[in-house]
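Notes follow the structure.
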Amino acid sequence: MYPEKIEKLLLKVQKPGRYVGGEMGAVIKDKQDVDVRFAFCFPDTYEIGMSHLGIKILYSLFNEKPYIWCERVFAPWLDMEEQMRAHDIPLYALESGDPISDFDFIGFTLQYELSYSNILNMLSLGNIPVLSKDRHDLNHIVVAGGPCACNPEPITDFIDIFFLGDGEEVDLEVIELYRQCKKDGKSREEFLQLASQIKGVYVPSLYDVSYNDDGTVAAVTPKNGAPAVIEKRVMMNMDESYYPDNFVVPNIEIVHDRAVEEIFRGCIRGCRFCQAGFLYRPVREKSVECISKQCHALCQNTGYDEVSLSSLSSSDYTQVVPMLRELNSWAKPENVSLSLPSLRVDGFSDDILNEIKTVRKSGLTFAPEAGSQRLRNAINKNVFEDELMNTCRVAFEGGYTTVKLYFMIGLPTETMDDVADIPLLGKKVLDTFYSTPNRPKGKSPRVTVSASSFVPKPFTPFQWEPQDTMDVLREKQQHIKKTMAENHISPSKMSYNYHDSDTSYLEAVFARGDRRLNKVMYEAYKRGMHFDGWSDCFSLQAWFDVFEACGIDPSFYANRRRSFDEVLPWDHLDYGVSKAFLRRECERAYRSEASPNCREKCMGCGAMKYGGGVCYEKR
Amino acid sequence: MKNVRVFYRKFGPCKYISHLDTNRVMIRAIGKSRLNIWRTEGFNQHAYITFALPLSLGFASECESMDFRVLDDDEDLSAIPARLNECLPEGIRVFRCAEAVYKPAAIDSAKYAVTLEPMNESEISNIELSEKWEAFLQLPEINVEKKTKKGMKTVDLKPYILAYEARQGEKVCFDLTLPAGSTLNINPNLLIQAFSDSIGTELYADITRVGIYTKEGEDFA
């Protein structure tokens, strides 16, 4: 329940439903009955945070424990923040309405680098000291997990504990340890030291980082018995892994307003630009029976009539058609529709189309990522032009007329010819439409080409690569436009969108940053920066001013080529893929050489050490 | 097939569910309750529900209604409120279900229970606010700019105050009856905003719709 004080303010802000809670499925407990209160914070708006699967899994998992009460907290939008600051209302959790300073744990999920400024802002809105060193007692433990925890160095001054890898077990182990430490009257320092002994836990204050004269990292040295290398946690048996049978069902529309079922974790592909494809190795599937049972329970408990089958590449699920048939055996009669996002160009078949046809016929989206075959080989996006055209033909025959194509510009080894091939590939899709005899009659096709700017990320084969400068990226964007004009591609049939390269630049700085960026974050927070992922707020110039004030050159992080033997700021974290493997993959990229996927041939990434998943499937 | 109308209260956090979102919440609740109701037959098939009179965001209500068609003529209507309540957030409570008596077009007026207070309590006392409100109501004309389909239009609200009754209380409390329905609908906030503008004080109004009536003054049923 929301604090009484905000009632008067709610009609002064947009979408007040974000701030009041009271949804079906929200877990209400008596705070007297629990030992540990956990504020699960998503550093973005309600509609975005509520769409995130990780928070749903962990929220239900924590609340299954009688001694934990986990509540949700989202970043108030600008208008609400203004009201809260003006009326002295601290950031509160939606279930109890209590300020987050009443909580033992304040947990953040790190989904994208541009949300970091919101984390600091949310702590300050909750009257919690922003810097770890200013928090002294055994409470207000600020923890964080999620993909960006793979290089958390730019925010180590603010977060006490990072969780690496899958959170289902390690989070509970740390919460249980805290409960014990609280009982035993231990200090915050004692608790943090004990926590650092748990696998998957990174306590940054227990490591010293030294630097070389050229600004690169010299060494990361553990102290007080902390492990030299921190290994990620992995849930190996997905069928037995916890999955909620109910969600908090929002009363206002959110971004992904449907039931979500995770069908497998990881990805066999190894596209060289894709961080998720390396962080979540090895691929671990759920069984068809498990998926069907979980989906059915979710639909019955939430009332949703749409299920999204979530994974990094749904058509790579080994039993995709049997799964869809099994699901439709109850979904069709119960008027539940299935959606299968993240379909690969080469995984799109008539069979799949028939099973998901019940869903509204929106457009189809494919991600060839690069325009030329040469570059697609270099980035290991194993998609061939004829496959794309075949798939489009199947889609057109199936009645679709709209195709969206996603590309990246600024990929390593990219030339201007590769860039020009982006709109030309779009044109070939249009040509395919007109050469399909059974195309929808009387309708004109529409192809949307979107190009985002490549951001090199840790734990990928491109982790050593410089990002293109913004000038080069802009030139490439213009080159696409020019190519369209030269080839007389009608803008009414093919539209071209490009993402602003400014945000990609800042993302590149923080993605591969080191601990010296903490002072940049802190200065940005003091200047009131937040919601950098939103064009309403983001200003690259404001960030340049911060970098300058801190005496830090952002291009050192974004645009510098690292040498293979450099100590990277995240080298003390182990996500199961070896540096030697990543280097081999990078060198193959330089030779424009693709690699087989995990099911075709093992490339020896290192994830086999987890003892399961795709590494042990029969080939 | 029977045309059925359910009546529900909407309050607490659910005051902040917009009309469109209320539609979604109800469709999910019906789905979850497994009530067998008529669905649209187009490409995007969905449960078919309609609302007689939308409720503004931020208003509570004692008398909302929603219509749908049950497919089974023998459906036990008296069991429907409990079945739906199990599937709805706590701030929406269905209290009655019956066959629809009137068409939505029969709606003529609605009564609102209003509590007025200053946004900033130090600005004006409740007594002073009350005096100013009484004086405001005595004005011969209350002209406001109203958004219509043809653009902005000046409207005198005075004749639209169909009934008014002050209630006892520490704050400024009253019941107000205004025209409602699809042809002419007057939002109580229009009147309150006009008052707020006239005294130059920002106000907070707690508004609950307490009755919806036909031309003959019958409860909309």
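Structure values in brief
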quantity: So A:ASP88, is it assigned to a loop (DSSP other than H, G, I, E, B) and in contact (Cβ under 8 Å) with a residue 24 or more places away in the chain; calculated: no
quantity: Residue selected from segment B:1-54 under the condition open to solvent by 70 Å² or more (accessible area, probe 1.4 Å) and of a type in the set (Phe, Trp, Tyr), by the criterion nearest to B:ALA105 (Cα to Cα); calculated: B:TYR48
quantity: Sole exception among (1) assigned to a loop (DSSP other than H, G, I, E, B); (2) in contact with a Lys or Arg (Cβ under 8 Å, 6 or more places away or on another chain); (3) within 14 Å of chain B (Cβ to nearest Cβ) for A:ASN237, by number; calculated: (3)
quantity: Cβ pairs under 9 Å, 6+ apart, first in segment A:15-31 and more than 8 Å from every other protein chain (Cβ to nearest Cβ) and of a type in the set (Asp, Glu), second open to solvent by less than 20 Å² (accessible area, probe 1.4 Å) and not in a loop (DSSP other than H, G, I, E, B); calculated: A:ASP30/A:TRP69
quantity: Test set (1) open to solvent by less than 10 Å² (accessible area, probe 1.4 Å); (2) over 22 Å from the mean Cα position of the chain (by Cα); (3) more than 26 Å from A:TRP570 (Cβ to Cβ) - A:PHE366 fails condition number; calculated: (2)
quantity: Evaluation of A:ASP213 against (1) farther than 23 Å from A:LYS519 by Cα; (2) of a type in the set (D, E, K, R); (3) open to solvent by 20 Å² or more (accessible area, probe 1.4 Å) (one fails), failing number; calculated: (1)
quantity: Unmet criterion (only one of (1) of a type outside the set (Ser, Thr, Tyr); (2) within 14 Å of chain B (Cβ to nearest Cβ); (3) crowded, with 18+ Cβ neighbours inside 10 Å) for A:CYS267; calculated: (2)
quantity: One residue from A:LEU375, A:LEU388, A:LEU405 being part of a strand (DSSP E or B), in contact with a Ser or Thr (Cβ under 9 Å, 6 or more places away or on another chain) and either surrounded by 20 or more Cβ atoms within 10 Å (Cβ to Cβ) or aliphatic (A, V, I, L, M) (or both); calculated: A:LEU405
quantity: Sole exception among (1) over 30 Å from B:ARG24 (Cα atoms); (2) hydrophobic (A, V, I, L, M, F, W, C); (3) touching a residue at least 40 places away in the same chain (Cβ under 8 Å); (4) part of a loop (DSSP other than H, G, I, E, B) for A:ILE254, by number; calculated: (1)
quantity: Of all residues making up segment B:64-89, the number that are at pLDDT 95 or above and within 14 Å of another protein chain (Cβ to nearest Cβ); calculated: 7
quantity: Filter result for A:LEU298 (under 25 Å from the mean Cα position of the chain (by Cα), at pLDDT below 95, surrounded by 21 or more Cβ atoms within 10 Å (Cβ to Cβ) and not β-branched (Val, Ile, Thr)); calculated: no
quantity: Among (1) in a strand (DSSP E or B); (2) facing another protein chain (nearest Cβ under 10 Å), the one test that A:LYS12 misses; calculated: (1)
quantity: Residue match in segment A:27-42 (condition: of a type in the set (Phe, Trp, Tyr) and in a helix (DSSP H, G or I)); calculated: no
quantity: Matching residues, segment A:33-52, being farther than 17 Å from A:PHE62 by Cα and out of contact with any Ser or Thr (no Cβ under 9 Å at 6 or more places or on another chain); calculated: A:THR45, A:TYR46, A:GLU47, A:ILE48, A:SER51
quantity: Enumeration of residues in segment A:543-579 that are assigned to a helix (DSSP H, G or I) and over 25 Å from the mean Cα position of the chain (by Cα); calculated: A:PHE544, A:ASP545, A:VAL546, A:PHE547, A:GLU548, A:ALA549, A:CYS550
quantity: Condition broken by A:TRP330, with the remaining ones in (1) within 14 Å of chain B (Cβ to nearest Cβ); (2) assigned to a loop (DSSP other than H, G, I, E, B) satisfied; calculated: (2)
quantity: Hits in segment A:112-147 - residues which are more than 27 Å from A:MET80 (Cα to Cα) and under 22 Å from the mean Cα position of the chain (by Cα); calculated: A:PRO147
quantity: Selection count, segment B:207-221, where residues are touching a helix residue (DSSP H, G or I) at 6+ places or on another chain (Cβ under 8 Å) and either open to solvent by 20 Å² or more (accessible area, probe 1.4 Å) or not in a loop (DSSP other than H, G, I, E, B) (or both); calculated: 3
quantity: Positions within segment A:11-37 being open to solvent by less than 10 Å² (accessible area, probe 1.4 Å) and closer than 15 Å to A:ILE175 by Cβ, in sequence order; calculated: A:VAL36
quantity: Residues being crowded, with 23+ Cβ neighbours inside 10 Å and either without any contact (Cβ under 8 Å) to a residue 24 or more places away in the chain or under 22 Å from A:PRO458 (Cα atoms) (or both) - total across segment A:165-199; calculated: 2
quantity: Flag if B:LYS171 is open to solvent by 60 Å² or more (accessible area, probe 1.4 Å) and closer than 20 Å to A:LEU10 by Cβ; calculated: yes
quantity: Test: residue in segment A:318-338 that is within 30 Å of A:GLY200 (Cβ to Cβ) and of a type in the set (Lys, Arg); calculated: no
quantity: Within segment A:497-537, tally of residues that are in contact with a helix residue (DSSP H, G or I) (Cβ under 6 Å, 6 or more places away or on another chain) and outside any helix (DSSP H, G or I); calculated: 8
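The rows are residues; the columns are (1) more than 17 Å from A:PHE162 (Cα to Cα); (2) of a type in the set (A, V, I, L, M, F, W, C).
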position	(1), (2)
A:ASP98	yes, no
A:PHE108	no, yes
A:GLU113	no, no
A:MET122	yes, yes
A:LEU125	yes, yes
A:HIS140	no, no
A:GLY146	no, no
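The values are calculated or read from the model by the stated rules, or taken from the named source; none is laboratory data. As the structure is a computational prediction, the values presented were derived from the model and not from experiment. Cβ coordinates were reconstructed from backbone atoms using ideal geometry, including for glycine residues, and neighbour counts include every protein chain displayed. The protein model used for the area step is the full one, side chains on, heavy atoms only, and it has no ligands, DNA or RNA in it. Shrake-Rupley method; radii C 1.70, N 1.55, O 1.52, S 1.80 Å.
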